[in-house]
Amino acid sequence: MKENTPNDETSLFTKKVSRRNMLKTAGVGGVGVVIGASGFGGLLNLSDSKANGQTNDVVPFYGANQAGITTEAQDNLYFAALEVTTDNKSDLIQLFKDWTEAAAQMTAGKLVGEASLNTSMPPKDTGEAKELSPSNLTITFGVGPTLFTKNGKDRFGLKSKKPAELKDLPKFPLDALEDSWSGGDICIQACADDLQVAFHAVRNLVRIGRGKTIIHWAQTGFQRTKQADSQKTTPRNLFGFKDGTANPDKKNSSEMNEHVWVKAGDGPDWLVGGSYMVVRRIQMYIEVWDRTILKEQENTFGRHRDSGAPLGMKNEFDKVDLEAKDKNGNRIIPEDSHMSLSRGDGKAKILRRPYSYADGMDPKTGSLNAGLLFICYQRNPSKQFVPIQERLAKNDKLNEYIIHRGSAVFACLPGVKKGGYIGESLFR
Amino acid sequence: MKKTKASLAVLLSTSLLFGCSQEKEEVKPADKNAKETSASASALDDVSSEYREYAIGEIEEFVKATEEFTTAVTSGDIEKAKEVYAPARMHYERAEPIAEVFGDLDPKIDARKGDVKDEEWGGYHRIEMGLWEENTTKGYEEYANQLMSDVNLLRAKVETVEVTPDLLITGAVDLLNEVSTSKVTGEEDRYSHTDLYDFVANVEGAEKIYELLTPALKEKDEKLVTEIQQRFDDVYSLLEKHKEGNGYTSYTDLKESEVKELSQAIDALAEPLSQIGIVTEES
């Protein structure tokens, strides 16, 4: 990384740890030992340089839209939904400013805050991502409906800015939602090709927010790593099926503009360039699925398991013909298959960005506690996710093997320019 | 009881270590350091000696309360013993940064089942088990006598403790760490479920250190002082809800959500409190 050049070392030294500061802190409590023992080389180890050489795995933090939405999905996720405990608006704004600064540093592969030599204080950065590459870390912030109003109260004078679309999803049939896995005033989605880097990001942001926010729920997620799948084929879910084949093209900006990014006129202007995130924590009945015969599994998804091809076809990306019939006149892809119902008439599209989770054992049943943290992005949940999920909840064959335990909707804030802060358009 | 005793040696020998390191110190302007920091260092020394008085005062109260407790046990007055158990412990818990400096005495007085070998286990929690689990004082007279003599020994030894600014700075957060790792989980007083008494005492002990450091802190970072004060207020107003008569409600009566709320309030307080080391910097 750039800190490795001699010039940068010098400038870093003068900037981050002035000699005067160093002497000031050296006088009390034995801090001087650090300097005496390790000299300036040791000092520089305290600087914010983390990784060596790798600069090709940085996703820019600043931009018109937040990263982590149309960014190619990284290998790991750490997701946290927070509750805001402060009732002071300026505290909240300061928090977003502090978060913005820390997020910009961490996504660039740097440590949080300036290095301090005062060993009588805890380090500003928690340290577990030191030496690690940026790992394509993205940090995406969103605000939930309860940030605006909670128990009928206009908490921060933001009620008039609440978009009509930012509301709890309607109750779908078979929903078994638990409060402990639902909702949240703020969300932080950290994605990285290294779980430790993602965890470090959320942990440090939560630490910065301590006293102003508390964790409401949090979930780690994974998918096959790029290393394990160098061909970068469509990932498989924990039922062994390829999922997400028909996602809109993230690289096609007109598709993204049509389906993902909120436009002027969609709602309040502050959210233009943002996107609505729907999160569903979907538990999978792993053991039940494992004893299901292959034909039934394939009819459930509407795809062949091994190739990922639509039933009756050869290859994953072969054209899907939902109407195709076999010689007995039955549909080859069952109408109640997951693929068939997800598509519907094909008009409503969402950008899916799901991650699997595995949380050990369910202590109640002794089963594997695993499933999918389904995350999707869209311009308008009630025209996009909601009709799709209504179809799925009513008829999806997959419902025998899954259950929705958590649900949340967040308005992911527009991107930020250098010098600005995430949420500025909302709080201004 | 403190879970690890590793930091003990450090606390005791801080001044010794510092002395050594200064000799090895190669950074030239060492003299200048000494001058620059002398003012704040002496202010911190004053704070340290004030804290020493406070802690010794608590230990003195602890001796008296332990007398009452152990007498009740040896005379078979089970109701009295139960009544004075939790309030007596509060003095110890307030002064814990100092009390637990004595790595030999702390486990004798305050070990919980499993902290030490069963055959070595005595002290408050051993008797607690007798009182609440077995509902008896019979067979616990010896433990009471031993406890009393250990506590008397603690009172004598505590005079020798050197209170350093480091001890204060780490002590304040350590007290809250005690709350986070054993009181808030209900593992401290697992038979009597009087964990909230210990909880409160630890918070009060931390607050005392904060109060003593407040003038020095204000000079460095006034906002930090406001923040810490606010968070102490938040913790106390939560604890207020769990007051019952002169004491506190049983841990077993706390709802899961209330435990979480208390735990998160301690985290919210301890985070800014961990910044008090800023007082060691010259402004």
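The values are calculated or read from the model by the stated rules, or taken from the named source; none is laboratory data. Because the structure is a prediction, the values reported are computed rather than measured. Note that each Cβ is placed from the backbone with ideal geometry, even for glycine, and that neighbours are counted across all protein chains shown.
Could you check segment A:217-235 and list, in sequence order, the residues that are within 18 Å of residue A:197 (Cβ to Cβ) and part of a strand (DSSP E or B)?
Selection gives A:218, A:219, A:220, A:221, A:222.
Kindly check whether there is at least one residue in segment A:356-367 that is touching a residue at least 40 places away in the same chain (Cβ under 8 Å) and buried (at least 17 other Cβ atoms within 10 Å of the Cβ).
Yes: segment A:356-367 contains one or more residues that are touching a residue at least 40 places away in the same chain (Cβ under 8 Å) and buried (at least 17 other Cβ atoms within 10 Å of the Cβ).
crowded, with 18+ Cβ neighbours inside 10 Å and over 25 Å from residue B:165 (Cβ atoms): is that true of residue B:94 in this structure?
no
Which condition number in (1) within 14 Å of chain A (Cβ to nearest Cβ); (2) modelled with pLDDT of 95 or more is the one that residue B:211 fails?
Residue B:211 satisfies every listed condition except (1).
How many residues are surrounded by 24 or more Cβ atoms within 10 Å (Cβ to Cβ) and either in contact with a Ser or Thr (Cβ under 9 Å, 6 or more places away or on another chain) or under 16 Å from residue A:65 (Cβ atoms) (or both) if we restrict to segment A:124-135?
Qualifying residue count, segment A:124-135: 2.
Residue by residue, here is whether (1) under 27 Å from residue A:278 (Cβ atoms); (2) part of a loop (DSSP other than H, G, I, E, B); (3) more than 14 Å from chain B (Cβ to nearest Cβ) holds:
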| position | (1), (2), (3) |
| --- | --- |
| A:66 | yes, yes, yes |
| A:74 | yes, yes, yes |
| A:79 | yes, no, yes |
| A:91 | no, no, no |
| A:96 | yes, no, yes |
| A:101 | no, no, yes |
| A:114 | no, yes, no |
| A:118 | no, yes, no |
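Quick test of your reading of the structure: residue A:39 fulfils all but one of (1) under 17 Å from residue A:419 (Cα atoms); (2) modelled with pLDDT under 95. Name the failing condition by number.
(1)
Does residue B:263 qualify as being polar (S, T, N, Q), within 14 Å of chain A (Cβ to nearest Cβ) and closer than 20 Å to residue B:207 by Cβ? Let's see the steps before the verdict.
Details: polar (S, T, N, Q): yes; within 14 Å of chain A (Cβ to nearest Cβ): yes; closer than 20 Å to residue B:207 by Cβ: yes.
So residue B:263 fits the description; yes.
May I ask you to verify whether residue A:282 is touching a Phe, Trp or Tyr at 6+ places or on another chain (Cβ under 6 Å) and either within 22 Å of residue A:417 (Cα to Cα) or of a type in the set (A, V, I, L, M) (or both)? Let's see the steps before the verdict.
Details: touching a Phe, Trp or Tyr at 6+ places or on another chain (Cβ under 6 Å): yes; either within 22 Å of residue A:417 (Cα to Cα) or of a type in the set (A, V, I, L, M) (or both): yes.
So residue A:282 fits the description; yes.
Check off (1) modelled with pLDDT of 90 or more; (2) within 14 Å of chain A (Cβ to nearest Cβ) for residue B:107 and give me the number that stays unchecked.
(2)
List the residue pairs whose Cβ atoms are under 6 Å apart, where the first residue sits in segment A:192-221 and is within 9 Å of chain B (Cβ to nearest Cβ), the second is part of a loop (DSSP other than H, G, I, E, B), and the two are 6 or more positions apart or on different chains.
Partner pairs satisfying both residue conditions: A:212/A:86; A:214/A:85.
Before we move on, is residue A:273 on the phi > 0 side of the Ramachandran plot, over 18 Å from the mean Cα position of the chain (by Cα) and either assigned to a helix (DSSP H, G or I) or not β-branched (Val, Ile, Thr) (or both)? Lay out the reasoning, then the answer.
Working: on the phi > 0 side of the Ramachandran plot: yes; over 18 Å from the mean Cα position of the chain (by Cα): no; either assigned to a helix (DSSP H, G or I) or not β-branched (Val, Ile, Thr) (or both): yes.
So residue A:273 fails the test.
Confirm whether residue A:327 is at pLDDT below 95 and surrounded by fewer than 13 Cβ atoms within 10 Å (Cβ to Cβ). Lay out the reasoning, then the answer.
On the way: at pLDDT below 95: yes; surrounded by fewer than 13 Cβ atoms within 10 Å (Cβ to Cβ): yes.
Here the answer is yes, as residue A:327 does meet what is asked.
Mind checking which residues of segment B:259-283 are touching a helix residue (DSSP H, G or I) at 6+ places or on another chain (Cβ under 8 Å) and of a type in the set (D, E, K, R)?
Selection gives B:261, B:267, B:271, B:281, B:282.
Taking residue A:269 as the residue in question, decide whether it is among the charged types (D, E, K, R), touching a residue at least 40 places away in the same chain (Cβ under 8 Å) and under 30 Å from residue A:164 (Cβ atoms).
Numbers: among the charged types (D, E, K, R): yes; touching a residue at least 40 places away in the same chain (Cβ under 8 Å): yes; under 30 Å from residue A:164 (Cβ atoms): yes.
For residue A:269, the condition - among the charged types (D, E, K, R), touching a residue at least 40 places away in the same chain (Cβ under 8 Å) and under 30 Å from residue A:164 (Cβ atoms) - is met.
Could you tell me which residue of segment A:236-250 is surrounded by the fewest Cβ atoms within 10 Å (Cβ to Cβ), considering only residues that are assigned to a loop (DSSP other than H, G, I, E, B) and modelled with pLDDT under 95? Write out each step before concluding.
Going residue by residue through segment A:236-250, those that are assigned to a loop (DSSP other than H, G, I, E, B) are A:237-241, A:243-250.
Filter once more, keeping what is modelled with pLDDT under 95: A:243-250.
Numbers: A:243: 25, A:244: 16, A:245: 16, A:246: 15, A:247: 16, A:248: 18, A:249: 11, A:250: 17.
Selected residue: A:249.
Scanning segment B:266-283 for residues that are outside any helix (DSSP H, G or I) and of a type in the set (Ser, Thr, Tyr), which turns out nearest to the other protein chains (Cβ to nearest Cβ)? Walk me through how you get there before you give the answer.
So the first thing to find is which residues in segment B:266-283 are outside any helix (DSSP H, G or I), and the list is B:274-275, B:281-283.
Next, from what is left, pick out any that are of a type in the set (Ser, Thr, Tyr): B:274, B:283.
Details: B:274: 5, B:283: 9 Å.
Per the stated criteria, the residue is B:274.
Given the residues B:263, B:283, B:192, which is the only one that is more than 18 Å from the chain's Cα centre (by Cα) and modelled with pLDDT of 95 or more? Reasoning before the result, please.
Numbers: B:263 fails: more than 18 Å from the chain's Cα centre (by Cα); B:283 fails: modelled with pLDDT of 95 or more.
Every option except B:192 fails the conditions.
Among the residues of segment B:81-119, count how many are under 17 Å from residue B:152 (Cβ atoms), in a helix (DSSP H, G or I) and acidic (Asp, Glu).
2
Does residue B:59 count as β-branched (Val, Ile, Thr), at pLDDT below 95 and closer than 27 Å to residue B:166 by Cβ? Break it down into steps so the answer makes sense when it comes.
Working: β-branched (Val, Ile, Thr): yes; at pLDDT below 95: no; closer than 27 Å to residue B:166 by Cβ: yes.
No: the conditions fail for residue B:59.
Given (1) at pLDDT below 50; (2) within 20 Å of the chain's Cα centre (by Cα); (3) not basic (Lys, Arg), where does residue B:65 come up short, assuming only one miss?
(1)
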